[in-house]
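Rule-based calculations on the coordinates, nothing more; no lab input. What you see is a predicted model, and the numbers here were worked out from it, not measured in a lab. Glycine also receives a Cβ, built like all others from the backbone with ideal geometry; neighbour counts cover every protein chain displayed.
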Amino acid sequence: MFPFTLIKSFIRVSVLQNIAYRANFWIDLLNSLLNLVVSITAIFILFQQITELNGWDLSATLGLVGVYLIVSALRGLFIGPSLEALVGLGQEVWSGNFDFTLLRPINTQFFVTFRIWRMNALLDLFLGMLVIAFAITRSASPVPFWDWLLFGITLIASVLTLYALLLAFSSLVFWSPGFLFTWVFNALFQLARYPVNIYPPALRILLTWIIPVGLITTIPAMALSGTAAMNTVLIAVLVAILMFFAASWLFQKGIRKYNSVSS
Amino acid sequence: MNEKIIDVQNLSKTYRVPQRDPGIKAALNQFVSAKFQDVVAVNHVSFEVTAGEIVALIGPNGAGKTTTLKVLTGLLQPTGGSIMVAGHTPGKREHAFLRVISMVLGNKSQMLWDIPALDTFHVLGEIYQIEKIEVKQRIEELSLMLEMEDILKKPVRNLSLGERMKCELVASLLHRPQVLFLDEPTLGLDISIQNRLRSFIIQYNQRYQATIMLTSHYMADIERLCSRVLLIHHGELIYDGALNKLSEQLSNSKLIRVTVSEPLADIDAKEWSSFGAEILEQNHQNFTLRVEKTQAPACTAMLLNRYVVVDLVVENPPLEAVIDRIYQEGAV
Amino acid sequence: MNHRGGFALIKSTWLSWLQYRSFFFVLAFGWMIPPLVAMFVWLAASGQDGIQGIHRSEFVAYYLVLILVNQITYSQANWTLGDVIREGLLNNWLLRPISPVYQVLSSEFAGKFVYLVFTVPLTILLGLVLRPKIDISFLQLSFFLLSLILAWGLRFVWGYWLALLAFWFTRADALLALQDSLVFIFSGMIAPVSLLPGFLQDIATFLPFRYMVGFPVEIFTNQLTLAEIGLGLLIQSIWLIIALILCSWLWKNGLRRYSAIGG
């Protein structure tokens, strides 16, 4: 199974590099904990003043925070680090090292997606799951199996959508090398920390249909609290698949652009 | 094996470069009506390379060498012409094609920085789907040829430039490519390492019949390694052939080195300029004249007449000087 | 004190940073988003009735002003001073006949200028769309400006002493992460300090963070009585003095250690 042995090799090398670069487990742990504490504190401060936020009670909102942490963790596990090497600070596309990437006899999109891993993100994943567990116990109503299933499906759709969005933003670099499009995306992604329906209508439409950052955390959280209708779930899956193909197409176009002008 | 491994016919590459005047007004104008300029980087270049050759691609900066190399490796799409490398069209970037070529870029590194070179080699082994045992054997063989066994386990960032270049070479040869492209491989290296690398390239070429195409600004590289030279200038191929004939063919001058029996007072330049001769240097009993090719015999006769000549040699200008003049004057 | 040299340095740093403005705009954009998200959350939470007397248009005013104040006071000393020390480049500065403070100040003004070129128009635009309630007397405006200058001074000097720790510690990540979290919670970003739950509010009144961002904003948005303003200015000044003392002490000792080690 070539893709899997290749990924194994990428993980191995990433771990070695992390150790060599003196990446500190304890500092990463601290960062993860601080991130968690700040996110939860914000929710608690809010819910001292209100009991529900546009229909979301404390448990549901905490559930959404958990989803945000899980999705961010999966992004931080390999999607984020890999694409940052391509188009982040010190980017390959700018330095020209992308040439080497293009010379490898493997699918370029696969390569730039899976090549760098940050295993410490598993910490954030664990913390996110803790938050969800906490949210569920606090809501005092167990989550039926069907809702777990929907949660799983929408979570996968969310990660796929996140990947597609990040890939699309990254691809823009081929037309404007040096500009940090992924940092712009990072800023926009902050908006996913809260349910999308708290935003004013215009912004809500932007975050649902144009740059579906809102869908990424809101829909799985809805599934978890049993408020996700079937067609919502279907839309989430459809959007994820559509965005994946659109982003992949944009990426290929970007490579063709690089192939026609890099000197 | 006289098969053609590289066949380039009428390769052209034109870039459309946005034309922009400085200033804010012009920048805004750019959105309304963008102006472009066509820059011809490569202009109808044709050549063929047979398997196992070591060929040099030389020319001044901006002549189109790197563009040509990038087209041959599929990194750049040509604007016109047909290209065949190892039986494939590079522009299609098929995996089968990418498996049989390789590239070393003198000023860029494909090594992972913080970890030992061995780890990069292992990942490359996975990427090129080479059996683990094979990878091990090839690393051993190549590092033996390059005398670098002791640096394999050091983090790449701790290596000297020369040691790193050895790693780049190993990395590029692990999958035994049929064609190896070297873009300024000896850039910035000290003489002993340069020699080491040149010996290695010759050795490798003899052992595996790999076709090698290299660009370099070091004449020593070209002279030692390449039987054949492609000279590109202003995007055009102005010479394709043996190195030792280049000077003869491209230059229309000859150098006459004269040694006379008695020290001379200053030679009168005007006296010789009627032959179109230029005095290049003058030192006690020796002097050198540059003469237009056709005037050389007549000039030689004059010299033999005029002076008591101890030694006289008529030769082609040194390669470097010829190429230098071409680079500078743009003409031949 | 070499003022002439200092001003020349500031001007030239300005001009060179303008070249990289797209990078700085991306940064400024990123810093605007958390306050905006908080604003939308409180807008959704306050509904028609407001929260503890703060109504929608007042939340808008609070956060838009906070965005500006935050940008004006934001500390970059970790990069402009801390990294310089860590990378051993301090010698370049020490050899010049200008106090190193000028170097840091020139980056400070250059940066602020470029960031504000981005942030101010955007904030005004948001103001036109969101209609903040702004009702301020001349006296309040004067107090606001005074506290703003002190806030800038405090955050600058605070960042300066933290950056000086680079003389002893090769990495600042943990401290920075902690500092960012504390600022986020206690400076009035997550919520205006008056909306923090009891014990957090008490802590916030004594920690310096509120006085770096939130305090001037509270003056501007009419949340404080004259007495509270007076007390706040006092606490602000005390923290400023503490920070100055820390800077002076750390600089002397740090420099001694730096030259002992050989830079």
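For the reader, a short list of remarks on this structure follows.
- Within the listed set B:Pro263, B:Pro90, B:Pro177, the residue fluctuating most in the Gaussian network model of chain B (springs between alpha-carbon atoms under 10 angstrom) is B:Pro263.
- Within the listed set A:Phe25, A:Phe251, A:Phe174, the Gaussian network model of chain A (springs between alpha-carbon atoms below 10 Å) gives the highest mean-square fluctuation for A:Phe25.
- In this structure the amide hydrogen of B:Val55, modeled in the peptide plane, comes within under 5 Å of the amide hydrogens of B:Ile212, B:Met213, B:Leu214, none closer than 5 places in sequence on its chain.
- Counting charges near A:Arg104 (Lys, Arg +1; Asp, Glu -1) among other residues having Cβ under 12 Å from its Cβ returns a value of +1.
- Across segment C:13-64, counting alpha-carbon atoms alone, Rg and Dmax equal 16.2, 49 Å.
- Convex hull volume of the C-alpha atoms in segment C:3-261, normalised per residue: 137 Å³.
- Segment A:2-261: translational diffusion in µm²/s, Stokes-Einstein, Kirkwood Rh over Cα pairs, 25 °C, 0.890 mPa s: 127 µm²/s
- Under 28 Å of direct C-alpha separation, and excluding same-chain neighbours fewer than eight residues apart, B:Lys153 reaches these lysines: A:Lys8, B:Lys108, B:Lys132, B:Lys136, B:Lys166.
- Neighbour cut-off at most 10 other Cβ (10 Å), DSSP loop, chymotrypsin sites (Phe, Trp or Tyr not before Pro), segment C:72-107: none
- In plain terms, the residue of A:Thr41, A:Thr154 with the fewest other Cβ atoms within 10 Å comes first and the most crowded comes last, giving A:Thr41, A:Thr154.
- Convex hull volume per residue in cubic angstrom - Cα atoms of segment C:160-216: 81 Å³
- Lysines with Cα under 20 Å of B:Lys35, excluding same-chain neighbours fewer than 8 positions away: A:Lys257, B:Lys13, B:Lys25
- Long-range amide H partners of B:His233 with built H, under 5 Å: B:Ile238
- Taking Cβ atoms as reference points and 10 Å as the exclusive limit, the residues near A:Phe174 contribute a net charge of +3, counting Lys and Arg as +1 and Asp and Glu as -1.
- Other protein chain Cβ atoms within 10 Å, averaged over every residue that makes up C:36-43: 5
- Alpha-carbon radius of gyration plus Dmax, which is the widest Cα pair, for segment C:79-127 in Å: 15.2, 47
- Solution diffusion estimate, µm²/s, Stokes-Einstein, chain B, Kirkwood Rh from C-alpha pairs, 4 °C, viscosity 1.567 mPa s: 56 µm²/s
- Shape of segment B:78-135 from the C-alpha gyration tensor: oblate (a/c of 1.5 or more and a/b not above b/c, with a ≥ b ≥ c the square roots of its eigenvalues).
- Prolate/oblate/rounded call for segment B:112-212, Cα gyration tensor, a/c under 1.5 rounded: oblate
- Span per principal axis, largest first, for the Cα atoms of the protein assembly as shown (Å): 113, 70, 57
- Per-residue Cβ neighbour rank within 10 angstrom, fewest leading, C:Glu108, B:Glu141: B:Glu141, C:Glu108
- Long-range tail of P(r) for segment B:198-241 (Cα pairs > 16 Å, %): 43 percent
- C-alpha center-to-center spacing [segment C:87-119, segment A:152-187] in angstrom: 34 Å
- Each label was represented as a point 7 Å from its Cα along the Cα-to-Cβ direction; for B:Arg325 and B:Gln206 these points are 3.6 nm apart.
- Using a Förster distance of 51 Å, the FRET efficiency for C:Ser12-A:Ala202 (Cβ separation, nearest 0.05): 0.75
- Once the Cα gyration tensor of segment A:62-155 is diagonalised, semi-axes √(5λ) in Å: 36, 14, 9
- Net charge over other residues, Cβ less than 12 angstrom from the Cβ of C:Ala172 (K, R count +1; D, E count -1): -1
- Orientation-averaged projected area, Cα convex hull of segment B:190-308 (nm²): 11.0 nm²
- Label-point separation in nm, C:Leu175 to C:Val117, each point 7 Å along Cα→Cβ: 3.2 nm
- Here the contact order of segment A:47-156, divided by its residue count and restricted to Cα pairs under 8 Å and six or more residues apart, works out to 40 percent.
- Taken residue by residue and averaged, Cβ atoms of other chains lying within 10 Å of the Cβ of A:36-49 number 5.
- Estimated FRET transfer efficiency when R0 is 22 angstrom, pair A:Met119-A:Ser95 (beta carbons, to 0.05): 0.30
- Take each peptide in A:66-79, B:154-167, B:277-290, C:208-221, count the other Cβ atoms within 10 Å of every residue, and average; sorted highest first, the result is C:208-221, A:66-79, B:154-167, B:277-290.
- Sorting A:Tyr21, A:Tyr194, A:Tyr199 from the fewest to the most surrounding beta carbons within 10 angstrom yields A:Tyr21, A:Tyr199, A:Tyr194.
- Between helix C:226-261 and chain C: long-axis angle, C-alpha atoms, 0 to 90°, nearest 10: 20 degrees
- Modelled label positions at A:Trp146 and B:Asn158, each set 7 Å beyond Cα in the direction of Cβ, lie 6.2 nm from each other.
- Over chain C, relative contact order from alpha-carbon pairs under 8 Å, at least 6 apart, %: 27 percent
- At an R0 of 45 angstrom, the distance between the Cβ atoms of C:Ala260 and C:Phe23 translates into a FRET efficiency of 0.80.
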